[in-house]
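Engineer: Have a look at the structure that comes next, please.
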Amino acid sequence: MHPVQAAFRKSRALYRGFTGGRGAGKSWIGAHDLLMRSKPGRLYLVAAPTYKMLADASIRAFTARAEELRFLRDFNKSAMVAELGNGAQVLFRSTEHADALRGPNLSGAWFDEAGEMEEDAFLVAIACLREGGEQGWLSATFTPRGRGHWTYRVFAEGGPEAELFCAPTAANPFLPAGFAETLRGQYTSAFAEQELEGRFIDAAGTVARREWFGVLDAA
């Protein structure tokens, strides 16, 4: 893990957000974090904006990390359910229809690409975090989508129950050399601030910088 990922892992906030530039390791840390937090026999949720995004990115990241840790006991593709080595189960679902998330009692949830989701999905999911009479947690990994998006309000302005961690693309030492600068050469300055620096940009193009609010950049 790079330092921002490690700080995210150590956090005990109820709602944790990890935002960053492209290639900053968002999906990897989201998957790794859920695997490390899983409790024996409990139920968890991994959600993405669409089933295509779920299949193309979230499931791949999750199963790859679980297999690396030798912690994946079974994955039922038709039911979209994984069973972990400790007996915990993980549901994989799309947030296209938020009401479809109602029902199960969960111990934790990971929203991958939360910047592309509607707030209703978050509001429905947090009411499910009650398995075994215990308060569950929710983490979200995403590229920022401006201060008008619900993720800014929940994770950047959410008070003591929430914590936000920001990592620019360049923070990931495992990327190809020069990767961030190659992309920067193709982006406008405002787009680079969002896509490479992980900063919240409003509709007018101004930037909400990480240092303006309580964000941890390192352990």
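Engineer: Taking Cα atoms, how many degrees apart are the long axis of helix 59-68 and the longest axis of the chain, rounded to 10 and kept between 0 and 90?
Structural biologist: So the helix axis and the longest Cα principal axis differ by about 70 degrees.
Engineer: Between Gly146, Gly198, Gly132, which gets the highest mean-square fluctuation from a Gaussian network model of the chain, Cα cutoff 10 Å?
Structural biologist: Greatest mean-square fluctuation among the candidates belongs to Gly132.
Engineer: Which of rounded, prolate, oblate describes the stretch 79-136, given a ≥ b ≥ c as roots of the alpha-carbon gyration tensor eigenvalues and a/c under 1.5 marking rounded, otherwise prolate only if a/b is larger than b/c? It would help to have the intermediate numbers written out before the result.
Structural biologist: Details: a/c = 1.95, a/b = 1.35, b/c = 1.45.
Note, shape of the stretch 79-136 comes out oblate.
Engineer: Hey, in the GNM for the chain with a 10 angstrom Cα cutoff, which one of Phe18, Phe122, Phe174 fluctuates hardest?
Structural biologist: Maximum among the listed residues: Phe174.
Engineer: Between Arg12 and Glu68, what length in nm is gained on full extension when 0.36 nm per residue of separation is reduced by their alpha carbon distance? Before the final figure, lay out the partial values.
Structural biologist: Details: separation 56, 0.36 × 56 = 20.16 nm, distance 2.48 nm.
Stretched out fully, the Arg12 to Glu68 stretch lengthens by 17.7 nm.
Engineer: If you count only protein heavy atoms with a 1.4 Å probe, what accessible area per residue comes out for the chain, rounded to a whole Å²? Show your work: numbers first, answer last.
Structural biologist: On the way: 10070 Å² over 219 residues.
Accessible surface, normalised per residue, equals 46 Å².
Engineer: Place a point 7 Å from the Cα of Val81 along the Cα-to-Cβ direction; which residues of the stretch 30-51 have their backbone N under 12 Å from it?
Structural biologist: In the stretch 30-51, the label zone of Val81 (backbone N under 12 Å from the point 7 Å along Cα→Cβ) covers 43-44.
Engineer: Continuing with this model, one more query. Please list 3J(HN,Hα) in residue order for the stretch 125-130, calculated via the Karplus relation 6.51 cos²θ - 1.76 cosθ + 1.60 where θ = phi - 60°; whole Hz, with x for glycine and proline.
Structural biologist: The phi angles translate into 5, 5, 6, 8, 7, 8 Hz.
Engineer: Test of understanding: in a Gaussian network model of the chain with alpha carbons linked when under 10 Å, which of Ala192, Ala100, Ala66 would top the mean-square fluctuation ranking?
Structural biologist: Comparing Ala192, Ala100, Ala66 in a Gaussian network model of the chain, the most mobile one is Ala100.
Engineer: If you roll a 1.4 angstrom probe over the protein chains with everything in place, what fraction of the accessible area of the stretch 1-138 belongs to carbon and sulfur, to the nearest %? Don't skip to the answer; put the middle values down first.
Structural biologist: Values: 2880 of 6040 Å².
Roughly 48 percent of what the probe reaches on the stretch 1-138 is carbon or sulfur.
Engineer: Follow-up question, since we're still on this one. Quick query: amide H of Gly108 versus all other amide H atoms, modeled in the peptide plane; which residues come in under 5 Å with a sequence gap of 5 or more or a different chain?
Structural biologist: Excluding prolines and chain starts, which carry no amide H, the hits are Leu45, Trp137.
Engineer: About the Cα centre of the chain, what is the dipole size in debye to 20, counting +1 per Lys and Arg Cβ and -1 per Asp and Glu Cβ, all else neutral?
Structural biologist: Numbers: 25 positive and 26 negative charges, 102 e Å.
It works out to roughly 500 debye.
Engineer: Straight-line reach from Lys52: which lysines fall under 27 Å, measuring Cα to Cα and dropping same-chain residues less than 8 apart?
Structural biologist: Cα-Cα hits under 27 Å: Lys26, Lys77.
Engineer: Would you work out the charge dipole size for the stretch 1-86 about its Cα centre, treating the Cβ of every Lys and Arg as +1 and the Cβ of every Asp and Glu as -1, and quote it to the nearest 20 debye? Walk me through the numbers on the way to the answer.
Structural biologist: Details: 15 positive and 6 negative charges, 59 e Å.
It comes to approximately 280 debye.
Engineer: Per-residue ellipticity at 222 nm for the chain, helices alone: DSSP H runs ≥ 4 residues times -39500 (n - 2.57), over residue total, nearest 500 deg cm²/dmol? Could the numbers behind the result be given before it?
Structural biologist: Numbers: 6 runs with 51 residues, N = 219.
That comes out to -6500 deg cm²/dmol.
Engineer: Next question, about the same structure. Taking the Cα centre of the stretch 145-184 as origin and charging only Cβ (+1 Lys, Arg; -1 Asp, Glu), how large is the dipole, in debye to the nearest 20?
Structural biologist: Working: 4 positive and 4 negative charges, 42 e Å.
Taking the Cα centre of the stretch 145-184 as origin, the dipole is about 200 debye.
Engineer: Aspartates and glutamates within cross-link reach of Lys39: Cα-Cα under 20 Å, excluding same-chain residues under 8 positions apart?
Structural biologist: Qualifying aspartates and glutamates at Cα under 20 Å: Glu67, Glu68, Asp74, Glu83, Glu131, Glu134.
Engineer: Out of His97, Pro40, Ala79, whose Cα points farthest toward the positive end of the dipole of the stretch 29-114 (charges: +1 Lys, Arg; -1 Asp, Glu; placed on Cβ)?
Structural biologist: Toward the positive end, the furthest listed residue is Pro40.
Engineer: Given axes a ≥ b ≥ c from the Cα gyration tensor, I'd like to know whether the chain is rounded (a/c under 1.5), prolate (a/b larger than b/c) or oblate.
Structural biologist: Prolate shape, in that a/c is at least 1.5 and a/b is the bigger ratio.
Engineer: Would you mind classifying the stretch 11-94 by shape? Square roots of the alpha carbon gyration tensor eigenvalues, ordered a ≥ b ≥ c; an a/c under 1.5 is rounded, otherwise it is prolate if a/b is larger than b/c and oblate if not. Before the final figure, lay out each step's value.
Structural biologist: Working: a/c = 1.55, a/b = 1.19, b/c = 1.31.
Taking the square roots of the gyration eigenvalues as a ≥ b ≥ c, the stretch 11-94 is oblate.
The values are calculated or read from the model by the stated rules, or taken from the named source; none is laboratory data. Small disclaimer: the values here were computed from a predicted structure and weren't measured. So basically every Cβ, Gly included, is an ideal-geometry build from the backbone, and we count neighbours across all protein chains shown. To get the accessible areas, we keep the full protein, side chains included, count just its heavy atoms, and leave off ligands, DNA and RNA. Shrake-Rupley method; radii C 1.70, N 1.55, O 1.52, S 1.80 Å.
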